[in-house]
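Here is the structure we will look at.
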Amino acid sequence: MIRKIPPAGWAGAALVAGLCLFPFAMALITGQPVGEGAPKFWQGMLIQVFILAVYAMSYDLLMGYTGILSFGHALFFGTGSYVLGMMLKHAGWPLWQAALMIVVVAVAQSLIVGVLSLRVSGVYLTMVTLAFAQMFFILAEATDFREWTGAEDGLQGIPIPSWISPTDQRLRFYFVALGFALVMYLLARRVVSSPTGAVMVAIRENEPRARMLGYNTFVYKLIAITISGVMAALAGGMNAIWNLNANTAMLGVGTTINALLMTIIGGAGSLVGPMLGAGVLQLLGYWLNAAFGPRWPLIFGVVYILIVLFFPYGLVGTWRLRGAGLLALWRRRLGEARQQV
Amino acid sequence: MLLSVESIQTFIGQFHILEGISLEVPSGSITALLGRNGAGKTTTLRSIIGLNPPRTGRVLFDGQEIQGRPAYEIAALGIGYVPEHRAIFRDLSVEENLRIAERRKGDLAGKIDFIYELFPDLKRLAKHPGGKLSGGQQQMLAIARALVPDNRLLLVDEPSEGLAPIVVEQIVASLRRLSDQITVLLVEQNFHMAAQLADRYYIVDDGHTAHSGKMADLAGDQALITRYLGAA
Amino acid sequence: MTNFLKQNRPLIIGSLAAVAAMAWALSQYEPKVAASILLSGLTLGALYFLVTSGLSLIFGLMDVLNFAHGLLFMVGAYMGYTLYANPRILLNTLPLLLALAGGAILARRAAPMLPKIPGGQAARWGLWALAVALLLLGSWGFDLAPLASTGISAGGDVPTAEAQEALGLFVGRLLALAASGIAGGLALALGQPFAGRSRGPRGLVLGAGLLALALLIAPARTLGEGAILGLSSNLRFLIALVVGAGSGAALGGLIEWSLIRPLYSRPIYQVLVTLGLVLVGTELVKGVWGPTGYYMDTPDFFSQRGEACPSPNLVAWLGDHCASIDVLGRPFPSYRIFIIALGLIMFAAIAVLLRRSRLGMIIRAGVQDAEMVQALGINVRRVFTMVFALGAGLAALGGVAAAPFIGVNPGIGQEFQLQAFIAVVIGGMGSYGGAAAGALLVGLARAFGDQIVLSGIQLPFMAEAVKFSPSIARASTVLIMALVLLIRPTGLFGKKD
């Protein structure tokens, strides 16, 4: 049984184990209790990473796997946040029902947006998705619906059940977020390794050909948008819990751009890449902010352009390309060493 | 030699399309490039003009190395390209389709009478958009376009494709008339047409130049024709 | 004719429906209100057109979706405003940029005439490192903040001496940057063995000219600032239009040449790189001009007030230059008439360029088949750069024109870009007429929306007039786009692919 697990699987398991131990290790190192001070702060940092990781991964299902460049992904993320907030705050629903509602709304939304925007392709689709997302952003800001959305203030003070409260029960929420990311990752992996995932990749590589082989590519693209939309919406819901609010920025272009940045930095076309990208973006943002103050997006933008120009495959892709070479070189060296002995 | 191609290798994306093509086109001749679909004939022309630059090997035009230079520089040396499917500019009028090929002001003025004499149809249709022309007329326009500047070599790709036999005859007649002023490298599936026009031939098979010689000899060698070109 | 009708049935039905809807909506208002809605729609449409046309031309010719187009609009607005109200920043930065560019062009063009530099790749990297080091040296400690902060918005003498760096230091910077440009230009020339041959002395003259210009401006900074601010506001505004459009075009050309061109083999990454530019550009603009906006005065030509105002008609306005003109009994700002006129003039000018000039012919041919244009012996890449610069210049011109109308702030680019995208989708990408029609439609829709926000609209079968917030007026254009997508995915004038 053990033989069947590939090295990457072991690395993944080690990573998850490491993340499970992280809060306690942090507490040991700093000497502070696990629920306070630095350990608590870094748990929060990683919670944000977990949520963004799921969001970025859902984006990559579209961009990296199916080859659909959408600029409206914030639509799903933000809607997830707002739906959770409204269900808890205005409808007074329990959490699990709110989560179910997120799924229902996300499915409906991605079907509508998908059917409309898939009528066009390429950069057209990019513009159309952007426009749809902006429409929801503008509507969330609209004063007409202040009663429900809180307009430009956002939906503040969402009543989160106390057992999962990110402020009082940080450690518990840390594990919930970690579990959420893990489950979503396994689901996404299930999708991409399924026949549907294979068709998605075929569409990315050569859509006319996939169509010629008899696949209704429209339906498959719609499936990709829906799966991706639901995942992003769930991540958005988690984000609302973590922030205790839903605000218009979650629907804004900035949120879409974040998904794109995480995916590009981590490497499009892999599931791990965007998750890694989320970590890099979050930590880099934190450090750059500490080092350069509020002008840090400038530095970040320059880094991003350089990555697009010189490392188009991102961290994971570049590693796969170069790493294979390095590994071969290393093995050869080992072999030579052995022969000399 | 006006043009010599020395064992060029060309990749398109991941695919190794040309695996060593060599050929020579003497001044004043019509040389035919024959071969099956997908053998690499079109890619050979595109490699010469610089649209798919070869990765290795040399291309010499009039003794000058031209491989690796941008297509517009290669064309400006005096090579006219008549591509597969004609690539007529649909939204430009026939006259504009000719005028855009000028390299110096006045190129067209000096040639227009000759072109309209060669292809009287084009004169009649001068103001029509290129997209409204029939296939044969588009082919004539594509050839005429390559005649506007002072080109010394024409690369002509599948001029007979999709045309009625009587139109093919017209094209053949016009190319034959041109052959005493200009050198032609002709890619052709229609063996009958190639045999009528060309002095020499090269057979391309699977990215290699497999065979070459005088056209007159090939016409008699049924075995060779069947082997490389299928039924003639 | 019947054939035309048949082929374009959705288009015709759509246009008729649009006209009918518009006529109905207009009939809900008094004529004077309806007229001002139409004029406001035309104003917005003209501005959208300036953004959309460039976007559409660039996409049509080179398949690049330029997400930085709104950024260029904003840069145009800022540059125009700066020249108009506070040219000090320009006069203190322009020579530096000129020196850098001049050095680079000079070196690049001179390189083939120089003896070959030994060392190959190593020499190239060495030169790049030298260029970066000199660039850092030349710009070390250069502070824009005092230059921006002391700016006043119009006229009069400005105490500039203490805000500017001493002439000696400034010239030192110039020389360092020129040297950096020369090193960079040589490195570039080394990297491209075939480029830059046999171009003649034009490049050399241009490079040397830019350098000389930089050195000329340097000692005349204070003088130049006084001279510009001493001009009449009309003249200054005219110069601002030219400078704004010109700097947008220059920036656009630079973007295409440096960032877009290496990525033609990876189209998605072109979009991604322009997106990165938005991040960087917006931050830079905030860094130089501050995160808050500015208000730009309308020039005197459009801002007279007094007894006779508002002018009774356009002809009378030519005499009295009132801030507004009477339209059916309602005053309408005369500056907006100028925006409409500018839009119409640019529409006609570009149409003539496309139809009548050789460049236009090449663009129309290139939209269909850029490769074939290349094979005819035309340097398509250079045409790409020119068209990118042209489109960028148009957007920037729109930015300057919009500045006195909506003000200058770091957010205007994004708002205009979104509406321009919608206009392009409605009109059909790569179609010049479509770009204009889409821009006009979006502009009119916005104007209607704004009016409904003000006074509501009486819908049939409803007791009270419906009113909503400005946000919904902004979002409504997306609905129009969705409708067009449903009926005709390629846009109203898009070619069927």
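The values are calculated or read from the model by the stated rules, or taken from the named source; none is laboratory data. Worth saying up front: this structure is predicted, and the values here are computed from it rather than measured. Every residue, glycine as well, gets a Cβ built from its backbone with ideal geometry; the counts of neighbours run over all protein chains shown.
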### Task
Look at the range C:231-250 and say how many of its residues are closer than 13 Å to C:Phe388 by Cβ and surrounded by 21 or more Cβ atoms within 10 Å (Cβ to Cβ).
2
#### Entry: Long-range neighbours under 6 Å by Cβ, at least six apart or interchain, first residue farther than 15 Å from A:Gly44 by Cα within the range A:225-241, second of a type in the set (D, E, K, R) and surrounded by fewer than 24 Cβ atoms within 10 Å (Cβ to Cβ)
none
### Task
Return a yes/no flag: does the range B:36-47 have any residue that is farther than 22 Å from C:Glu371 by Cα, surrounded by fewer than 23 Cβ atoms within 10 Å (Cβ to Cβ) and not hydrophobic (A, V, I, L, M, F, W, C).
yes
### Message
It is to be established whether one or more residues within the range B:50-68 are part of a helix (DSSP H, G or I), within 23 Å of B:Val187 (Cα to Cα) and under 20 Å from the mean Cα position of the chain (by Cα).
### Response
no
### Task
Confirm whether C:Gly276 is in contact with a Lys or Arg (Cβ under 7 Å, 6 or more places away or on another chain) and either at pLDDT 85 or above or at the interface with chain A (Cβ under 8 Å from one of its Cβ atoms) (or both).
no
### Query
Is it the case that the range C:251-266 has a residue that's over 15 Å from C:Val408 (Cα atoms), surrounded by fewer than 21 Cβ atoms within 10 Å (Cβ to Cβ) and acidic (Asp, Glu)?
no
### Task
Determine whether B:Ile203 is over 15 Å from the mean Cα position of the chain (by Cα) and either surrounded by 21 or more Cβ atoms within 10 Å (Cβ to Cβ) or at pLDDT below 80 (or both).
yes
### Task
Give the residue, chosen from A:Ser162, A:Ser121, A:Ser228, that is among the polar types (S, T, N, Q) and more than 23 Å from C:Leu485 (Cβ to Cβ).
A:Ser162
### Query
Can you tell me which residue in the range A:121-130 is nearest to the other protein chains (Cβ to nearest Cβ), limited to those that are farther than 11 Å from A:Ile68 by Cβ and buried (at least 24 other Cβ atoms within 10 Å of the Cβ)?
A:Met127
### Task
Give the number of residues within the range C:247-273 that are of a type in the set (S, T, N, Q) and either in contact with a strand residue (DSSP E or B) (Cβ under 7 Å, 6 or more places away or on another chain) or away from chain A (no Cβ under 11 Å) (or both).
1
### Message
I'm trying to understand the selection: among the residues of the range C:279-293, which are at the interface with chain A (Cβ under 7 Å from one of its Cβ atoms) and modelled with pLDDT of 85 or more?
### Response
C:Leu279, C:Val280, C:Glu283, C:Leu284
### Query
Out of curiosity, is C:Asp369 of a type in the set (Asp, Glu) and within 14 Å of chain B (Cβ to nearest Cβ)?
yes
### Query
Mind checking which residues of the range A:132-154 are within 15 Å of C:Gln414 (Cα to Cα) and either more than 7 Å from every other protein chain (Cβ to nearest Cβ) or modelled with pLDDT under 85 (or both)?
A:Ala133, A:Phe137
### Message
Being among the β-branched types (Val, Ile, Thr), crowded, with 20+ Cβ neighbours inside 10 Å and more than 14 Å from chain B (Cβ to nearest Cβ) is the requirement here; does C:Ile378 meet it?
### Response
no
### Query
Among (1) out of contact with any Pro (no Cβ under 9 Å at 6 or more places or on another chain); (2) more than 30 Å from A:Arg295 (Cβ to Cβ); (3) modelled with pLDDT of 85 or more, which single condition is C:Leu254 missing?
(2)
### Query
Taking the range B:135-175, which residues are away from chain C (no Cβ under 14 Å), of a type in the set (Gly, Ala, Ser) and in a helix (DSSP H, G or I)?
B:Gly135, B:Gly136, B:Ala173, B:Ser174
#### Entry: Failed item, numbered, when B:Ile49 is tested on (1) of a type in the set (A, V, I, L, M); (2) over 19 Å from B:Ser7 (Cβ atoms); (3) within 8 Å of chain C (Cβ to nearest Cβ)
(2)
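One line per residue, one yes/no per condition, for (1) within 7 Å of another protein chain (Cβ to nearest Cβ); (2) surrounded by fewer than 17 Cβ atoms within 10 Å (Cβ to Cβ); (3) free of Cβ contacts under 8 Å to residues at least 40 places away in the same chain:
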{"residue": "B:Gly57", "(1), (2), (3)": "no, no, no"}
{"residue": "B:Gln67", "(1), (2), (3)": "no, no, no"}
{"residue": "B:Ala75", "(1), (2), (3)": "yes, no, yes"}
{"residue": "B:Val82", "(1), (2), (3)": "no, no, no"}
{"residue": "B:Ala87", "(1), (2), (3)": "yes, no, no"}
{"residue": "B:Leu98", "(1), (2), (3)": "no, no, no"}
{"residue": "B:Glu102", "(1), (2), (3)": "no, no, no"}
### Query
Which of (1) closer than 24 Å to C:Pro333 by Cα; (2) more than 14 Å from chain A (Cβ to nearest Cβ) is the odd one out, the single condition C:Ala389 does not satisfy?
(1)
### Out of C:Gly433, C:Gly443, C:Gly413, C:Gly494, sole residue that is assigned to a loop (DSSP other than H, G, I, E, B), farther than 18 Å from A:Phe132 by Cβ and in contact (Cβ under 8 Å) with a residue 40 or more places away in the chain
C:Gly494
### Task
Go over the candidates C:Leu190, C:Leu186, C:Leu136, C:Leu144 one by one and state the one that is surrounded by 12 or more Cβ atoms within 10 Å (Cβ to Cβ), at pLDDT 80 or above and away from chain B (no Cβ under 14 Å).
C:Leu186
### Task
Filter the range C:340-375 down to residues that are buried (at least 16 other Cβ atoms within 10 Å of the Cβ), among the aliphatic types (A, V, I, L, M) and within 30 Å of C:Ile325 (Cα to Cα), then give me how many there are.
4
### Query
Restricting the first residue to the range C:450-463 and requiring it to be under 14 Å from C:Trp24 (Cα atoms) and of a type outside the set (Val, Ile, Thr), which pairs with a second residue that is in a loop (DSSP other than H, G, I, E, B) and at pLDDT 65 or above meet a Cβ separation below 6 Å and a spacing of at least six or different chains?
C:Gln458/C:Gln28; C:Gln458/C:Ala465
### Task
State yes or no: is A:Val199 part of a helix (DSSP H, G or I) and free of Cβ contacts under 8 Å to residues at least 24 places away in the same chain?
yes
### Query
Taking the range A:99-120 as the search range and keeping residues that are more than 20 Å from A:Gly237 (Cα to Cα), in contact (Cβ under 8 Å) with a residue 12 or more places away in the chain and surrounded by 18 or more Cβ atoms within 10 Å (Cβ to Cβ), which one is farthest from the other protein chains (Cβ to nearest Cβ)?
A:Gly114
### Task
Within the range B:104-125, count every residue that is within 14 Å of chain C (Cβ to nearest Cβ) and surrounded by 11 or more Cβ atoms within 10 Å (Cβ to Cβ).
2
### Message
Based on this model, can you work out whether C:Ile422 counts as in contact with a strand residue (DSSP E or B) (Cβ under 7 Å, 6 or more places away or on another chain), of a type in the set (Val, Ile, Thr) and at pLDDT below 90?
### Response
no
### Task
Working only within the range C:224-238, note down all residues that are under 24 Å from the mean Cα position of the chain (by Cα) and without any contact (Cβ under 8 Å) to a residue 24 or more places away in the chain.
C:Leu235, C:Leu238
